[in-house]
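What follows is one structure encoded as C-alpha cells, with my remarks underneath.
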Amino acid sequence: MQYMILIYGDEKAYASAPKAALEQMHAAHMQYGKEMTEKKVMIGGSQLAPSSSATTLRLAGGKPVATDGPFAETKEQLGGYYLIECANLDEAIKWAGRCPSIQGGSIELRPLVKHNM
Amino acid sequence: MVGGTFDRLMREEYGKVLAVLARRCGDLDLAEDVLAEALARAAERWPRDGEPEQPAAWLTTVARNLLIDRARTNPLEVEWTDEVAQQVEQVAAHPADPPAEHGDFAFDDDRLRLLFVCCHPSINQESQMALALRTLCGLTTREIARAFVQDEAAIAQRLVRSKRKIREARIPFEVPDAAQLSERIDTVLTVIYLLFNEGYLAHETEPLVRSDLCEQAIRLGKLACDLVRRHAEAQALVALMLLQHARRAARVRGGELVPMEDQDRSLWNADEIRAGLAWLDDAIACHRQAARPPRPYLLQAAIAALHGRAVSSELTDWPQIAALYDGLLEVLPSAVVELNGAVAHAMASGPQEGLRRMADLDARGELAGYHLLPAAQAELLRRSGDTAGARLAYRHALTLATQPLERRYLERRLRELGP
C-alpha cells in the first residue's frame, strides 16, 4: 500500500528561519530519507519551492489558462512530500510521525488509490 | 425456529463472526455483506435442520466460503492478500473441512482487533462508538440512531464513511504494538464503557437493560486487561462494570427503574460483587506502584465498591463516597459528576448541604435543561420536609424529562407527595 506524506507548514516562518536551523532541518530530512530508503519504505519525495512560485491552470473557453499563485491560499502551505510503501496505516503513521517537519507544521497522510486495470 | 431465538443469536454471534471475517478481508462492508448472506441461509436452514451446535462456527464457515467465492469471481472487489489466497487453496483442497475455531475464546482475539479498528485515531471520534455498536454488538442503524438521539440517515452516513476509510486507508485489523498501544488504550476503554452504558440503560424502551451488551463490554474489558498488563485504569474499568452489572436484577421492577436506595439488595449478584471487588484490589495495587493521582475509573469503581459492600442505603459509607466524588471531580471535571457528588454530600451531611451545592450548580446554568438536577433537588426538598418546594421541583423536572420511563418515575414521585 502506498501512502503520500504531505508536509504542511508556515512558509513565512520558514523563510525567516535562521540559516543554522534550516541546515539542521535539511540534515534531519536527509537522515530520515536515508533511513526510509534503507528500510525499503521510501519510493520518492522532495521539498517543493514556495507557493509563490506556483502556477495554477484552469480551462477557460476550453483552453488551459495559466494564472499566478497556488490553488488555495491557506495559513499552512504544502511544502514537500514523501511517497512511501507500507503494509498498513499504522506502519505509515509510525514513519510519518518521524518526519522532521512535524516540528512547527503538520503532516497529512493520504493513501494512494490503486486502480486494478 | 422462532424469530426471538434468531434475534438473540444475531446479537450474540454477529460481532464474533464479523470480526473473524473482517480481519480476513480487511473490509467491513464486504464482511457484513457475506455475513448477511450467511444469516439468510441460517434463517432458511436452521428451522428445517435444527440449530447447529456451534452457531458462530457454522456462520463463520458459510460466510468464509462466500467470501472466497467473491474473491474468485470478482478479484477486483476482494484484495488478494496472501491470506485470502491461502484460504482459497485450503478450501479447494478440503471443501468440507470443519472450521478451526471452536468455542467462544477462539473469537476473542479477532474481536479485540476489531475494537482497535473501531477506536483507531484516524476514525472520527463520534463514529468510533457507532461503529463499535454496529460491528461488535450487531446493533442496527436504527437502534444506534435512537441511542444517540440522532437522525438514522446521519448515522448510516457516518458508518458508511468510516467503513470506507478503514478500507481505503488500510487500517490494520491488528492490535497495535506496545508504542501505539499506550496511546490508544484510553480510547478503547472509553468505548468499552460506552458500550456497557448502552446496555446498562438501553435507550430502546424494551428491554430496559441489555445484559448481553453489558456482558460483551465486560468481556472486552477483560481482554483489554490481558493486553495491557498491570494497567490500573483497565482493571478498574472491569471492576466498575462488574460491580454495576451485579445490581441488574434489582434495577428494574414492573417495567420501571428502581433507584439504588429502594433496590432489594438480596437480588444483587454476590459472586459478581466479589469478583468486582477482587478486580478493584488488583487495580489499587497496580495504581500504588504507578504513583500517580487516581484516575476516573478507579475512583468510580471505588464508589461502586462502597455501594456493593453496603447492606442498605442507611448503612452506606456516604462520607467516603462524597470524598471520592470530590476526587473524581478533580480528574473529571463535569457538572454531572458534581451533581452526583452533591447527592452523596447530602447523604453524608444532610439534605441542606446537598441543596446548597445544587443551588450553586443551578446558578451556573451548566445543567440548564437537564431534568436530573430539579429531580435531585425535589428529592432533597422532600426529605427536608419542604413538600411544596419538592412538588414545584418535580413539576419543573417533568417539563424537562422526555424519556417515558423517567417521566413515569417522576410522576409517581410527585403523586406520592400527596395532594
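Restricting attention to region A:59-117 and to residues that are surrounded by 17 or more Cβ atoms within 10 Å (Cβ to Cβ) and aliphatic (A, V, I, L, M), the residue that is farthest from the other protein chains (Cβ to nearest Cβ) turns out to be A:LEU78. Restricting attention to region B:142-151 and to residues that are more than 16 Å from the chain's Cα centre (by Cα) and within 20 Å of B:GLN125 (Cβ to Cβ), the residue that is modelled with the highest pLDDT turns out to be B:ASP151.
Just wondering, is there one or more residues in region B:390-400 that are in contact with a Phe, Trp or Tyr (Cβ under 8 Å, 6 or more places away or on another chain), among the aliphatic types (A, V, I, L, M), part of a helix (DSSP H, G or I) and touching a residue at least 24 places away in the same chain (Cβ under 8 Å)? Checked region B:390-400: at least one residue is in contact with a Phe, Trp or Tyr (Cβ under 8 Å, 6 or more places away or on another chain), among the aliphatic types (A, V, I, L, M), part of a helix (DSSP H, G or I) and touching a residue at least 24 places away in the same chain (Cβ under 8 Å).
Among residues of region B:107-126 that are within 11 Å of chain A (Cβ to nearest Cβ) and outside any helix (DSSP H, G or I), those with a beta-carbon under 6 Å from a residue that is surrounded by 21 or more Cβ atoms within 10 Å (Cβ to Cβ) and of a type in the set (S, T, N, Q) at least six positions away or on a different chain give the pairs B:ILE123/B:SER162. Which residue is surrounded by the fewest Cβ atoms within 10 Å (Cβ to Cβ), if the candidates are limited to region B:165-180 and must be more than 7 Å from every other protein chain (Cβ to nearest Cβ) and farther than 11 Å from A:ASN88 by Cβ? Across region B:165-180, the extreme among qualifying residues is B:ALA178. Given the condition buried (at least 18 other Cβ atoms within 10 Å of the Cβ), under 26 Å from B:MET10 (Cβ atoms) and either free of Cβ contacts under 8 Å to residues at least 12 places away in the same chain or not basic (Lys, Arg) (or both), answer yes or no: does some residue in region B:244-264 qualify? Yes, that holds for at least one residue.
For region B:225-234, indicate whether the set of residues that are over 24 Å from B:LEU139 (Cα atoms), modelled with pLDDT of 90 or more and either within 14 Å of chain A (Cβ to nearest Cβ) or part of a loop (DSSP other than H, G, I, E, B) (or both) is non-empty.
yes
Quick check, is B:ALA145 surrounded by fewer than 19 Cβ atoms within 10 Å (Cβ to Cβ), within 11 Å of B:ALA130 (Cα to Cα) and away from chain A (no Cβ under 14 Å)? No: the conditions fail for B:ALA145. Within region B:352-366, residues that are of a type in the set (Lys, Arg) reach partners that are surrounded by 14 or more Cβ atoms within 10 Å (Cβ to Cβ) with beta carbons closer than 7 Å, at six or more positions or on different chains, in the pairs B:ARG357/B:ALA342; B:ARG357/B:HIS345.
Would you check if B:ILE218 is out of contact with any Gly (no Cβ under 7 Å at 6 or more places or on another chain), under 27 Å from B:ALA56 (Cβ atoms), modelled with pLDDT of 90 or more and within 14 Å of another protein chain (Cβ to nearest Cβ)? When the stated conditions are applied, B:ILE218 does not pass them. Comparison of B:ARG184, B:ARG161, B:ARG142, B:ARG167 shows that the only residue that is of a type outside the set (Ser, Thr, Tyr), out of contact with any Phe, Trp or Tyr (no Cβ under 6 Å at 6 or more places or on another chain), more than 27 Å from B:ALA36 (Cβ to Cβ) and outside the structural domain of B:PRO259 (by TED's automatic domain parsing) is B:ARG184.
The values are calculated or read from the model by the stated rules, or taken from the named source; none is laboratory data. All values reported here derive from a predicted model rather than from experimental measurement. Note: ideal-geometry Cβ built from the backbone for every residue, glycine included; neighbour counts use all protein chains shown.
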